[in-house]
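The values are calculated or read from the model by the stated rules, or taken from the named source; none is laboratory data. Here the structure is a predicted model, which means the values were calculated and not measured. In this analysis, Cβ positions are derived from the backbone assuming ideal geometry, glycine residues included, and neighbour counts consider all displayed protein chains.
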Amino acid sequence: MREQTNTAVAAAIIPARLAATRLPNKPLALLAGRPMIQHVYERARRAAGFAVVIVATPDDAILEAVEAFGGKAVRTSPDHLTGTDRVAEAAAHLPDAITVIVNVQGDEPLLDPGTIEAVAAPLLADGSLVMASVQCPLPPGRESDPNVVKVVCDVHGFALYFSRSPLPHRRSENAPYAPRQHVGLYAYRRDFLPLLTRLAPTPLEQAESLEQLRVLEHGYRIRMVEAARAPESVDTLDDLLRVRALLEGGGER
């Protein structure tokens, strides 16, 4: 793995596909007159310090939609099982100067560009880091919600564990640790991506159905950065309607 310094250059890659289980075709769902993938792309373009922003997709309809609004997209294999695999394929064809890759989720049209900048910053500054992600305060009442992933970190800001269960268990409400929510935004050292896609699935990953646990179980570290809150993601029709109302009402731009 090449040693990098603050001369590293970043790219944002947005994996997107039509065949979502809970909400098919959602990258092309209209929000304030524009497809969702366009909102995500434009948010990523507003992040400072990124040389390239591209969409990685196996679907012609998404490729054509991105090109229609003036964005860049590449076609990837339809056989990939995860967005990470799709990002890794797209990253392999970028110029050699690109050494940090941010995986921007294609279903977060309200993602703060500043958060994209923040997740890349540790890798751009420290060539020894291979991966970073994001945490934020856990909203009250969500401790036991399995759809909200929790994370705990060591004193140096590296993830110790991710879980769908309450994490940590606090024997007293006065315990000093404030629970943190994991936000699924990732930055990778480009050289680490091919290795990551070859790592074998691990027991805790399979138990929790959380891909990021594979990284920890194989002995690699994930540097966590702080965000004020989690972005609104679109997983269901109700999510889509809520985000559409926010955008069309001018509440989020």
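Observations on the model:
- All positions within region 158-170 that are more than 18 Å from the chain's Cα centre (by Cα) and of a type outside the set (A, V, I, L, M): SER165, PRO166, PRO168, HIS169, ARG170
- In the condition set (1) β-branched (Val, Ile, Thr); (2) more than 12 Å from the chain's Cα centre (by Cα); (3) crowded, with 19+ Cβ neighbours inside 10 Å, ILE101 is compliant with all but (2).
- Residue that is surrounded by the most Cβ atoms within 10 Å (Cβ to Cβ), among those in region 166-196 that are among the hydroxyl-bearing types (Ser, Thr, Tyr) and modelled with pLDDT under 95: TYR177
- When region 116-130 is filtered for residues that are crowded, with 24+ Cβ neighbours inside 10 Å and either over 10 Å from the mean Cα position of the chain (by Cα) or small (Gly, Ala, Ser) (or both), the ones remaining, listed by number, are ALA120, LEU123.
- Pairs with Cβ under 6 Å, 6+ apart, first in region 55-71 and free of Cβ contacts under 8 Å to residues at least 60 places away in the same chain, second of a type in the set (Val, Ile, Thr) and assigned to a strand (DSSP E or B): VAL55/ILE14; ALA56/ILE13; ALA56/VAL74; LEU63/THR57; VAL66/VAL55
- With respect to being modelled with pLDDT under 95 and either touching a Phe, Trp or Tyr at 6+ places or on another chain (Cβ under 6 Å) or surrounded by 12 or more Cβ atoms within 10 Å (Cβ to Cβ) (or both), ALA73 falls outside the description.
- Scanning region 21-45 for residues that are over 16 Å from the mean Cα position of the chain (by Cα) and within 18 Å of ASN103 (Cβ to Cβ) gives a single hit, LYS26.
- Comparison of ARG46, ARG86 shows that the only residue that is basic (Lys, Arg), touching a residue at least 40 places away in the same chain (Cβ under 8 Å) and surrounded by fewer than 19 Cβ atoms within 10 Å (Cβ to Cβ) is ARG46.
- Count of region 1-32 residues which are over 23 Å from THR57 (Cα atoms) and at pLDDT 95 or above: 0
- Odd one out for ARG171, checked against (1) more than 30 Å from TYR41 (Cβ to Cβ); (2) touching a Leu at 6+ places or on another chain (Cβ under 8 Å); (3) of a type outside the set (S, T, N, Q): (2)
- Subset of region 192-208 (residues that are charged (D, E, K, R) and in contact with a strand residue (DSSP E or B) (Cβ under 7 Å, 6 or more places away or on another chain)): GLU208
- Residues being under 16 Å from ALA10 (Cα atoms) and out of contact with any Leu (no Cβ under 8 Å at 6 or more places or on another chain) - total across region 70-88: 1
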